[in-house]
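Derivation of every value follows stated rules applied to the coordinates shown; laboratory data play no part. Since the structure is predicted, the reported quantities are computational estimates derived from the model, not experimental observations. Ideal geometry is used to build each Cβ from the backbone, glycine not excepted, and the neighbour counts take in all protein chains shown.
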Amino acid sequence: MLRFLRRNKTSILWLAMLFYVTRQTSFLGRDPGRDRPLPASSPPAHGHRSGTEPEANESPEKSHPEGPRLKKILYWTRKEPWLEKSNKTLRAFNDVMNLTMTYRADSDIVLPYGYVFRNASYPAGNRRHRVDPLRKRRSIAWPVSHCETESKREGYARELAKYIDLDVYGDCGPLKCPKEQNPECWRMFERDYRFVLAFENQACRDYITEKAYRPLEHNIVPIVYGGANYRHLLPKHSFIDANDFPDPKELAKHLRHLAKNETAYNEYFAWKEGGFQVETYKEALMAKAFCKLCAIVHNKHYKYRRYRDLRKWWVDGACDNNILAKFKASWTRSK
């Protein structure tokens, strides 16, 4: 049972992935089993359809403020849109939502799985400890729990393992490192492995999870695979993108070169001398997003968008899980 607290300010009412926001009263609850306060439960809001169906090519439009009593309906999700591809319920909210909070850059409020920022208290130019790849006894670690994915990352990994040693941890492999021992696992990965696979289960626009950010907190190079533009989201030369190689065999060749070349390998850590820091703490990311949400709903001049076709904005064309087909064609020709 959630405990409610009434305030004479803006209210945020919780409903699954939807938020209903008004400017009259406030209800704050607490998520059972967690320490942080969360918005409380609310029945779904109905009756906000405009009465006209949006055209197929319509996109979110800027709308002018409609006064302090304008209802704010927020679509909030951290999941990739492929999961909702066959979900018709999104159409019920056409022309209803006027705020969005997702990992995507075109959301009103961006809630990422992580980010890299320059820490003013960490002076740029600090010398870092050099990493000797020869002291690491193994090449690639892959912590993974979903064994069959839409992105078919498992097919790419199986092909890659033919050319370089690749150890699979978790539900999809023989090696185990329990989630409750996560810090110890990453210290072990950093000590024993030169690279870690950061393959997403969906190849969707801007979809980059903690799989890519967490290795950046350690001296291990992530190998990424997905639908995001990693060069816009991660520090320059901090990762290896599988999409930059024609096939897994060529990627393995590059990895073996780095394993023997300390200078080339350490170039992937040079960005850490710029005073940068990585944030992956979920509570901190959530707090920052909710602070922006509060700032928006208290801003009388904020121009809310009208999401006339929510499914078209969020789902249509957002994911391309045919990436593996391109690789399969190339490595079949190379055999």
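The phi-based Karplus calculation (6.51 cos²θ - 1.76 cosθ + 1.60; θ = phi - 60°) puts the 3J(HN,Hα) values of segment 100-115 at 9, 9, 9, 6, 7, 5, 8, 7, 5, 10, 8, 10, x, 7, x, 6 Hz, whole numbers, x for Gly and Pro.
Give the percent of DSSP beta bridges with both residues in segment 180-328 that are antiparallel, rounded to the nearest 5. Before the final figure, lay out the partial values.
Details: 1 of 8 bridges.
DSSP beta bridges in segment 180-328 are roughly 10 percent antiparallel.
Remark on Arg308: its backbone amide H falls under 5 Å from those of Glu61, Asp95, a criterion applied only to residues 5 or more positions apart or on other chains, H modelled at 1.01 Å from N. Ranked by the mean number of other Cβ atoms within 10 Å of their residues, highest first, the peptides 215-224, 268-277 come out as 215-224, 268-277.
Quick one: grab the alpha carbon gyration tensor of segment 177-264, order the square roots of its eigenvalues as a ≥ b ≥ c, and give me rounded if a/c is under 1.5, else prolate or oblate depending on whether a/b is larger than b/c. Don't jump to the answer; show the numbers that get you there.
On the way: a/c = 1.70, a/b = 1.07, b/c = 1.59.
Oblate.
Express in nm, to one decimal, how much length is gained between Lys162 and Lys236 on full extension, taking 0.36 nm for each residue of separation and deducting their alpha carbon distance. Walk me through the intermediate numbers first.
Details: separation 74, 0.36 × 74 = 26.64 nm, distance 2.90 nm.
Contour length minus Cα-Cα distance gives 23.7 nm.
Name the shape class, rounded, prolate or oblate, that the alpha-carbon gyration tensor gives for segment 143-194, where a ≥ b ≥ c are the square roots of its eigenvalues, rounded holds for a/c under 1.5, and otherwise prolate holds if a/b is larger than b/c and oblate otherwise. Oblate, since a/c reaches 1.5 and b/c is not below a/b.
Rounded if a/c is under 1.5, else prolate if a/b beats b/c, else oblate: with a ≥ b ≥ c from the C-alpha gyration tensor eigenvalues square-rooted, which is segment 100-217? Numbers along the way, then the final one.
Working: a/c = 1.95, a/b = 1.09, b/c = 1.79.
Oblate is the answer for segment 100-217, as a/c is 1.5 or above yet b/c matches or exceeds a/b.
Each Lys or Arg adds one and each Asp or Glu subtracts one; over the other residues with Cβ under 9 Å from the Cβ of Val224, this totals -1.
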